[in-house]
Amino acid sequence: MKYKIKPNLAFRKISDEYYIVDSRNSMLHKLNSVGSLIWEVLKKGATVKEIVELVYKEYEVEIETLTKDVEEFITELKNKSLIEEYE
Amino acid sequence: MNGSKTISAKIVVNLKLYEKSCKDKYLFENGQKSKEYTEFIREDIYFKYNFVKNFAEAKINKNVYSIDSVLRILYSILLAKNSGILFHAAGITIDNYGYLFVGPTGSGKSTTIKWFRKNFKNYKSYIELSDELVPVKVKGGKIYTWQSLFWGELKNKTVFQQGDISMFTLKKIYFLSGFNEKTQLVTPVGIKETVELLLKNLFWVVNSQMFANDILKTVTNIAMTVPAFKLYPPLHNDYNFVEILK
């Protein structure tokens, strides 16, 4: 399962953090630096496995914990309707 | 690998920017949904803006408040199309530089203008820009402000600029931050927090991705160019304090 950013969002990176404006519900979201790294990958689309591999390269943390974190983050982005599944 | 190290991807801010006021209408072209226009409907107002034709129409009750509301919406759209934004702010100029005092209703915008009026009305090139909504625009890498059409409680007591409207370089932004016991009345604000505070205080009723992109870009440009501070009233009644503000 691949995920990508929904097309109806405006976002901008300021230093290492992404600000996302969702014009559908007038919400502003800000991601922390790890979330922003993942957002960068989601621009092109990626699976959870691909995201985990990328974050692991940067941070080298326990793979199991990292996978759980990434899954939780993806769920949160889905719940807020900021990303969508494809393929 | 450090097994004890933990990192966590998070959404650290979830903030409602403005109440959704306009209702978007869509057309279907080749089976695809495409936005055509946005509507603003209130008891006394019907306002419609067509994104494709860049055309606005309105039906308004014959009273100054309704006309003022429609002009605010239309002005904010036209401004957004030209790298500009209306902010909930009071604004003044001193020595031909603009200063903004940004904050929501009740934060002290009119009080700030009254204070400047009392202490500064004879000061060189002192002009009041507004006590409610101030326009700001990015042009050629610089940030400009000018006198607003839109005023709050001071609207009947304001001397408007004569002739052409002058544009002033925006020198500093102050966020009105409520009364505080801190001895330091002015504290600097970083770029990220400035972006958040500006987004929280923009006048905007249209929900459109196209404009959201423009607005985010404009706000970021402003935050990266103009120094911003938090200002804790009460303001001091002396010229030294004004020198600090400048």
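Computed from the coordinates by the stated procedures, all read-outs in this text should not be read as laboratory data. Here the structure is a predicted model, which is why all the values come from computation and not from measurement. When we count neighbours, we look across all protein chains shown, and the Cβ atoms used for this are built from the backbone with ideal geometry, even at glycine.
Each label was represented as a point 7 Å from its Cα along the Cα-to-Cβ direction; for A:Lys57 and B:Glu39 these points are 5.0 nm apart.
On C-alpha positions alone, give me the angle between the axis of helix A:63-79 and the longest principal axis of chain A, in degrees, nearest 10. Once rounded, the angle reads 10 degrees. Per q in 0.07, 0.08, 0.12 Å⁻¹, report the Debye log10 I(q)/I(0) for the protein assembly as shown, using one uniform scatterer on each alpha carbon and no solvent. Reported log10 I(q)/I(0), two decimals: -0.36, -0.46, -0.92. Which of these, A:Ile14, A:Ile51, A:Ile63, has the largest mean-square fluctuation under a Gaussian network model of chain A (Cα springs below 10 Å)? Taking springs between Cα atoms under 10 Å, the residue moving most is A:Ile14.
In whole angstrom, note down how far apart the Cα centers of the range A:24-87 and the range B:100-130 are. After rounding, the separation between the Cα centres reads 45 Å. Remark: B:Ser69, A:Ser33 ranked as A:Ser33, B:Ser69, counting other beta-carbon atoms within 10 Å and listing the fewest first. For the range A:2-86, the convex hull spanned by the alpha carbon atoms encloses 83 Å³ per residue.
Counting Lys and Arg as +1 and Asp and Glu as -1 over every other residue whose Cβ lies under 11 Å from the Cβ of B:Lys246, the net charge comes to 0. Legend: P(r) of the range B:84-245 from all alpha carbon pair distances, 5 Å bins from 0, whole percents, reading 2, 9, 19, 24, 22, 15, 8, 2, 1, 0.
Starting with the fewest neighbours, write out A:Arg12, B:Arg72 ranked by other beta-carbon atoms found within 10 Å of each beta-carbon.
A:Arg12, B:Arg72
Think of it as helices only: each DSSP H run of n ≥ 4 in the protein assembly as shown is worth -39500 (n - 2.57), and spread over all residues that comes to -9500 deg cm²/dmol at 222 nm.
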